[in-house]
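Since the structure comes first, as structure tokens, the remarks are kept for the end.
The values are calculated or read from the model by the stated rules, or taken from the named source; none is laboratory data. Quick caveat: nothing in here was measured; it's all calculated off a predicted structure. Positions of Cβ are generated from backbone atoms using ideal geometry, with glycine treated the same way; all protein chains shown enter the neighbour counts. The protein model used for the area step is the full one, side chains on, heavy atoms only, and it has no ligands, DNA or RNA in it. Shrake-Rupley method; radii C 1.70, N 1.55, O 1.52, S 1.80 Å.
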Amino acid sequence: MNIILLGPPGAGKGTQAQRLQADVGMIQLSTGDMLRAAVASGSALGKQAKGLMENGQLVPDELMVGLIKDRIAQPDCAKGFILDGFPRTEAQAKALDKMLAEAARKLDQVIEMEVDEKALTERVVGRFTCAKCGTGYHDTFKRPKVDGVCDVCGSKEFTRRKDDNAETMKTRMVAYRAQTEPLLPYYRARGILKTVDGMAAMDEVYRQIRAVLAGA
Ligand code: AMP
């Protein structure tokens, strides 16, 4: 099954996609993670993306479409994938339709994670990640069991995203509302959009997502 998790920054797309990947083996395709890896490696793509990401602006569609097209052609994606952070514009959504049709594949479900906008900045500003295994944490909502030590791999190194600050969040929300939110009616019209309550506790959000997928 191939799905999209759609929602604003801080909605919990990455957290839920990681859990789905661990449980059902669908592959999480986070364009944000791919771009951060490109920035860290200093590649040409990374150089183009760095400044835009730090300002909370979108990276040009052609670059994003090329990145996803190459990635979904990899053998591991044959088992199904979870798009997390893509598509973010109508042009990306149309390019996705085209590339899937050309590969005789389809999009099975789009899941909107509905959240209260006021909660998003607090969620985003407090988050951090284990530098070794990528497990996500939060200063208020999900601290490691032992302060400073990753619950999963025991590493003591954590990273925080440069764009997870209140100022950049404003630009990211403007981009979401103007360019990504219009994808909701696009997918609703195709009858493949379902909405879950992204404000519920993490386990409950996951339960709702699994219920949607069971019915898809
Ligand atoms: P994310 O990790 O999904 O919040 O993405 C972090 C940043 O990467 C975004 O604010 C954009 O600058 C860039 N980015 C990620 N995915 C896309 C995309 N599909 N289209 C354009 N820019 C993207």
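Structure summary
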read-out	value
Residue list for region 1-19, filter: in contact with a helix residue (DSSP H, G or I) (Cβ under 7 Å, 6 or more places away or on another chain) and either of a type in the set (Ser, Thr, Tyr) or assigned to a helix (DSSP H, G or I) (or both)	Thr15, Gln16, Arg19
Of all residues making up region 44-85, the number that are near the ligand (Cβ under 8 Å from one of its atoms), among the small types (Gly, Ala, Ser) and not in a helix (DSSP H, G or I)	2
Matching residues in region 114-129 - criterion: being in contact (Cβ under 8 Å) with a residue 24 or more places away in the chain and touching a strand residue (DSSP E or B) at 6+ places or on another chain (Cβ under 6 Å)	Glu114, Arg127, Phe128, Thr129
Matching entry among Gln48, Gln28, Gln74 (being open to solvent by 50 Å² or more (accessible area, probe 1.4 Å), in contact (Cβ under 8 Å) with a residue 12 or more places away in the chain and more than 23 Å from Pro182 (Cβ to Cβ))	Gln48
Given (1) of a type in the set (A, V, I, L, M, F, W, C); (2) over 18 Å from the mean Cα position of the chain (by Cα); (3) open to solvent by less than 40 Å² (accessible area, probe 1.4 Å); (4) under 15 Å from Met113 (Cβ atoms), index of the condition Cys150 fails	(4)
Residue count, region 15-32 (criterion: at pLDDT 95 or above, under 12 Å from the mean Cα position of the chain (by Cα) and within 22 Å of Lys142 (Cα to Cα))	5
Residue list for region 86-143, restricted to those being of a type in the set (A, V, I, L, M, F, W, C), out of contact with any helix residue (DSSP H, G or I) (no Cβ under 9 Å at 6 or more places or on another chain), assigned to a loop (DSSP other than H, G, I, E, B) and crowded, with 16+ Cβ neighbours inside 10 Å	none
Region 16-25 - residue that is over 22 Å from Met169 (Cβ atoms) and open to solvent by less than 40 Å² (accessible area, probe 1.4 Å) and, of those, nearest to the ligand (Cβ to nearest atom)	Leu20
Looking only at region 31-45, and only at residues there that are of a type in the set (A, V, I, L, M, F, W, C) and open to solvent by 30 Å² or more (accessible area, probe 1.4 Å), the one that is farthest from Arg160 (Cα to Cα)	Ala44
Residue satisfying all of: in region 181-199; surrounded by 16 or more Cβ atoms within 10 Å (Cβ to Cβ) and of a type in the set (A, V, I, L, M, F, W, C); nearest to Phe141 (Cα to Cα) among these	Val196
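The rows are residues; the columns are (1) of a type in the set (A, V, I, L, M, F, W, C); (2) touching an Asp or Glu at 6+ places or on another chain (Cβ under 7 Å).
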| residue | (1), (2) |
| --- | --- |
| Leu120 | yes, no |
| Arg123 | no, no |
| Val146 | yes, no |
| Lys162 | no, yes |
| Arg188 | no, no |
| Leu193 | yes, yes |
| Met202 | yes, no |
| Tyr206 | no, no |
| Ile209 | yes, no |
